[in-house]
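Let me begin by presenting the structure, written as structure tokens, before commenting on it.
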Amino acid sequence: MITRSPADLQRARQRDAIPLAVTPDWQSQLARALRDPHALCQRLGLDPAWLPGAEAGHRLFEVRVPEAFLARMRHGDPHDPLLRQVLPLSEEAQPAPGYVADPLDEAAHTSARGLIHKYAGRVLLIASPACAVNCRYCFRRHFPYDDNAPSRAQWDETLEHLRNDPSIHEAILSGGDPLAASDRQLAWLVARLDAIPHLKRLRIHTRLPVVIPDRIDAGLLDWLSDTRLQKVVVLHVNHANEIDDAMIAACTRLKEAGATLLNQSVLLHGVNDSVDALAALSERLFEAGVLPYYLHVLDPVAGAAHFDVPDVEARKLVASLREVLPGFLVPKLVREIPGEASKTPL
Ligand code: SF4
């Protein structure tokens, strides 16, 4: 649980009350992400009745929304699909059967600091404990990042695990959001991965090009272009309204650096649980040069039960999507089940 002193909250409130013009400097945008529920409600012109719930949810999982993402939300609409993903609600405090802190049992698969080895042939590296945006449905909202943030010396130990296992062909940078780390740190890490002969692919799971498109800058493109590894960037977009011109430009830069772009979404009640919303998302992704890859059903993480879409409904939605979209624009509907050898198609 996030605990912040009243003085901290007051400082965040004063800072967040002042709209900031979006600057081209991604670090400033990251540092200035809005982190106060009161300011979030005020900036979007929400009825004050939303505030007690927002404060209750914030006490469980801190609000965090960058300006560039906030700017794509509709003013005065509490049901805006982007706002729904970041607005804390009182429902988050209500326990729900089957909803737990670690729904994917990741603690059992953490074989070295910062490393999660769940599936054959690939490992996941927690490259940054930070996110640019805090998504209310996130399955890692309770993840013990402090225990999984290696120093450089510890990274060398963690990477030893990869060096010693020739069956591993793919390193997945995850987090938090791996692109919240500095380019200096990422260049250092990727250079070490590059030097492991049996590694073929570098996969990056990130929401930063969506919520702060300026993150895809020259510093990032330098190390990304330099690696010999094949590059796959898996974005996380849940609604077509998240895709604006700046994000499309960021995708273009990533593609020019040689990355294949895929997207994974989470099926979320009140955000994208309609055929129209999912079809518009796939169409818009393709316009941005991104292929829809996975549509995940919600992982049962404590605090997110209000986002659940029942399986029967999820299957109907995807069946209807097949009737209106070409096959390559229909994402695979999957669930992650702890202990299974891969994601499970529904
Ligand atoms: S890890 Fe991804 S889904 Fe979770 S809060 Fe961060 S950006 Fe959102």
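The values are calculated or read from the model by the stated rules, or taken from the named source; none is laboratory data. Please read these numbers as outputs of a predicted model, since none were measured by experiment. Cβ sites come from the backbone with ideal geometry, for glycine too, and all protein chains shown count toward neighbours. Accessible surface is based on the protein model in full, side chains and every heavy atom, while ligands, DNA and RNA are left aside. Shrake-Rupley method; radii C 1.70, N 1.55, O 1.52, S 1.80 Å.
Would you say PRO144 is more than 11 Å from the chain's Cα centre (by Cα), under 27 Å from VAL301 (Cβ atoms), open to solvent by 40 Å² or more (accessible area, probe 1.4 Å) and within 12 Å of the ligand (Cβ to nearest atom)? Spell out how you get there, then give the answer.
On the way: more than 11 Å from the chain's Cα centre (by Cα): yes; under 27 Å from VAL301 (Cβ atoms): yes; open to solvent by 40 Å² or more (accessible area, probe 1.4 Å): yes; within 12 Å of the ligand (Cβ to nearest atom): no.
So PRO144 does not fit the description; no.
Got a sec? Which of VAL133, VAL123 is crowded, with 19+ Cβ neighbours inside 10 Å and under 27 Å from ALA33 (Cβ atoms)?
Values: VAL123 fails: under 27 Å from ALA33 (Cβ atoms).
From the options VAL133, VAL123, the qualifying one is VAL133.
Which one of these is out of contact with any helix residue (DSSP H, G or I) (no Cβ under 9 Å at 6 or more places or on another chain), assigned to a loop (DSSP other than H, G, I, E, B) and either more than 23 Å from SER265 (Cα to Cα) or in contact (Cβ under 8 Å) with a residue 40 or more places away in the chain (or both): PRO88, PRO95, PRO103?
Working: PRO88 fails: out of contact with any helix residue (DSSP H, G or I) (no Cβ under 9 Å at 6 or more places or on another chain); PRO95 fails: out of contact with any helix residue (DSSP H, G or I) (no Cβ under 9 Å at 6 or more places or on another chain).
Only one candidate passes the filter, namely PRO103.
Could you please find all residues in region 287-307 being among the acidic types (Asp, Glu) and either touching a Cys at 6+ places or on another chain (Cβ under 6 Å) or more than 23 Å from ALA96 (Cα to Cα) (or both)? Lay out the reasoning, then the answer.
First pass over region 287-307, keeping only residues among the acidic types (Asp, Glu): 287, 299.
Scanning region 287-307 gives a single hit, GLU287.
Does LEU82 satisfy being modelled with pLDDT of 95 or more and closer than 24 Å to ALA302 by Cβ? Write out each step before concluding.
On the way: modelled with pLDDT of 95 or more: yes; closer than 24 Å to ALA302 by Cβ: yes.
It is true that LEU82 is modelled with pLDDT of 95 or more and closer than 24 Å to ALA302 by Cβ.
If we keep just the residues of region 323-346 that are farther than 16 Å from SER265 by Cβ and charged (D, E, K, R), which is nearest to the chain's Cα centre (by Cα)?
Residues of region 323-346 farther than 16 Å from SER265 by Cβ: 323-324, 326-327, 337-342, 344.
Then keep just the ones that are charged (D, E, K, R); that gives 323, 340.
On the way: GLU323: 29, GLU340: 22 Å.
Restricting to residues being farther than 16 Å from SER265 by Cβ and charged (D, E, K, R), the top hit is GLU340.
For region 209-226, enumerate the residues that are within 16 Å of the ligand (Cβ to nearest atom) and either touching a Phe, Trp or Tyr at 6+ places or on another chain (Cβ under 8 Å) or not in a helix (DSSP H, G or I) (or both). Before the answer, list the steps.
Going residue by residue through region 209-226, those that are within 16 Å of the ligand (Cβ to nearest atom) are 209-213, 215-216.
Residues satisfying the conditions are VAL210, VAL211, ILE212, ARG215, ILE216.
Restricted to region 160-173, and to residues that are among the charged types (D, E, K, R) and outside any helix (DSSP H, G or I), which residue is most open to solvent (accessible area, probe 1.4 Å)? Show your work before the answer.
Let us first name the residues in region 160-173 that are among the charged types (D, E, K, R), namely 160, 163, 165, 170.
Those left that are additionally outside any helix (DSSP H, G or I): 165, 170.
Numbers: ASP165: 39, GLU170: 15 Å².
Among those residues, the one meeting the criterion is ASP165.
Pairs under 6 Å by beta carbon, first residue among the charged types (D, E, K, R) in region 174-186, partner at pLDDT 95 or above and assigned to a helix (DSSP H, G or I), six or more apart or different chains?
These pairs meet every condition: ASP177/LEU208; ASP183/GLY219; ASP183/LEU220.
If we keep just the residues of region 25-36 that are out of contact with any helix residue (DSSP H, G or I) (no Cβ under 7 Å at 6 or more places or on another chain) and outside any loop (DSSP other than H, G, I, E, B), which is surrounded by the fewest Cβ atoms within 10 Å (Cβ to Cβ)?
Taking the candidates together, the pick is ALA31.
Quick one: which of GLU323, GLU336, GLU287, GLU283 is charged (D, E, K, R) and at pLDDT below 95? Before you say what the answer is, go through the steps one by one.
On the way: GLU323 fails: at pLDDT below 95; GLU287 fails: at pLDDT below 95; GLU283 fails: at pLDDT below 95.
The match here is GLU336.
Restricting to region 327-344, and then to whatever is among the aliphatic types (A, V, I, L, M) and closer than 21 Å to CYS138 by Cβ, can you tell me which residue is most open to solvent (accessible area, probe 1.4 Å)?
ILE337
Among the residues of region 37-81, which ones are open to solvent by less than 30 Å² (accessible area, probe 1.4 Å), more than 27 Å from PRO129 (Cβ to Cβ) and outside any helix (DSSP H, G or I)?
LEU44, LEU46, PRO78, ASP80
Residues checked against (1) touching a strand residue (DSSP E or B) at 6+ places or on another chain (Cβ under 9 Å); (2) more than 30 Å from PHE69 (Cα to Cα); (3) open to solvent by 20 Å² or more (accessible area, probe 1.4 Å); (4) at pLDDT 95 or above:
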{"position": "ALA153", "(1), (2), (3), (4)": "no, yes, yes, no"}
{"position": "THR158", "(1), (2), (3), (4)": "yes, yes, no, no"}
{"position": "GLY175", "(1), (2), (3), (4)": "yes, no, no, no"}
{"position": "LEU186", "(1), (2), (3), (4)": "yes, no, no, yes"}
{"position": "ALA195", "(1), (2), (3), (4)": "no, yes, yes, yes"}
{"position": "ARG207", "(1), (2), (3), (4)": "yes, no, no, yes"}
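Are there any pairs with C-beta distances below 6 angstrom linking a residue in region 331-343 that is without any contact (Cβ under 8 Å) to a residue 12 or more places away in the chain to a residue that is open to solvent by less than 70 Å² (accessible area, probe 1.4 Å) and among the polar types (S, T, N, Q), with the two at least 6 apart or on different chains, and if so which?
ILE337/THR344
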